[in-house]
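Structure first, then comments.
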């Protein structure tokens with residue numbers, strides 16, 4: 001589902017803007033996490049590796065956390081210095097995307113469309129999102145799964161909280 005261009009995302013530094021303003025120059029490669037669930041913690045190391053693989057591409061790599069800015073800092077720790085982080089405490093962005101489970105990996109193009117998304121953790125489904133990003137950005141896709149990645153698992157309800 002394509003999100004509303006008016007849905008507001010707030011960066012970790014408190015800059016709140018409609019989605020369309022975050023998409024003016026770069027696509028978004030977003031890993032969406034609920035920091036209050038084990039499932040989001042299980043995928044964090046893998047998500048960092050995948051997002052790192054797209055650094056320098058035409059996709060702005062980022063995390064979207066369904067919590068406050070302070071809670072996002074607590075969950076991500078020093079990763080907040082390495083990644084763009086958005087907070088979606090009221091889950092309006094998650095709802096706008098039509099997600100049912102978190103964690104999720106979502107590719108948003110600058111035109112506001114979602115050509116690929118995956119929910120829960122399944123390497124083949126996340127690889128499909130990575131393939132869409134790589135093709136759109138003329139970039140190489142990171143390998144997945146690799147040793148150390150978790151086995152497949154379902155996510156938790158995206159709109160719980």
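The table below lists the values:
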{"item": "Subset of the stretch 76-105 (residues that are outside any loop (DSSP other than H, G, I, E, B), within 15 Å of residue 36 (Cα to Cα) and either under 15 Å from the mean Cα position of the chain (by Cα) or at pLDDT below 95 (or both))", "result": "76, 87, 101, 102, 104"}
{"item": "Some residue of the stretch 61-69 being under 12 Å from the mean Cα position of the chain (by Cα), part of a strand (DSSP E or B) and farther than 19 Å from residue 144 by Cα", "result": "yes"}
{"item": "Counted residues, the stretch 3-26 - those being over 17 Å from residue 139 (Cβ atoms) and part of a loop (DSSP other than H, G, I, E, B)", "result": "11"}
{"item": "Residues of the stretch 27-40 satisfying the condition of being over 12 Å from residue 108 (Cα atoms) and either touching a residue at least 12 places away in the same chain (Cβ under 8 Å) or assigned to a strand (DSSP E or B) (or both)", "result": "32, 33, 34, 35, 36, 37, 39, 40"}
{"item": "Count - residues of the stretch 45-60 that are assigned to a helix (DSSP H, G or I) and surrounded by fewer than 18 Cβ atoms within 10 Å (Cβ to Cβ)", "result": "4"}
{"item": "Any hit, the stretch 118-127, residues being within 12 Å of the chain's Cα centre (by Cα) and without any contact (Cβ under 8 Å) to a residue 24 or more places away in the chain", "result": "yes"}
{"item": "Close pairs from the stretch 148-159: first farther than 16 Å from residue 122 by Cβ, partner modelled with pLDDT of 95 or more and surrounded by 12 or more Cβ atoms within 10 Å (Cβ to Cβ), Cβ under 7 Å, at least 6 apart", "result": "157/101; 159/91; 159/94; 159/95"}
{"item": "Any hit, the stretch 137-147, residues being in a strand (DSSP E or B), crowded, with 17+ Cβ neighbours inside 10 Å and in contact with a strand residue (DSSP E or B) (Cβ under 8 Å, 6 or more places away or on another chain)", "result": "no"}
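Rundown of residues vs (1) over 14 Å from the mean Cα position of the chain (by Cα); (2) surrounded by fewer than 20 Cβ atoms within 10 Å (Cβ to Cβ); (3) at pLDDT 95 or above; (4) under 16 Å from residue 98 (Cβ atoms), yes/no style:
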residue	(1), (2), (3), (4)
8	yes, yes, yes, no
16	yes, yes, yes, no
24	yes, yes, no, no
27	no, no, yes, no
32	no, no, yes, yes
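The rows are residues; the columns are (1) under 18 Å from residue 129 (Cα atoms); (2) without any contact (Cβ under 8 Å) to a residue 24 or more places away in the chain.
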site: 57; (1), (2): yes, no
site: 74; (1), (2): no, no
site: 90; (1), (2): no, yes
site: 104; (1), (2): yes, no
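The values are calculated or read from the model by the stated rules, or taken from the named source; none is laboratory data. This is a predicted model, so every value here is computed, not measured. Note: ideal-geometry Cβ built from the backbone for every residue, glycine included; neighbour counts use all protein chains shown.
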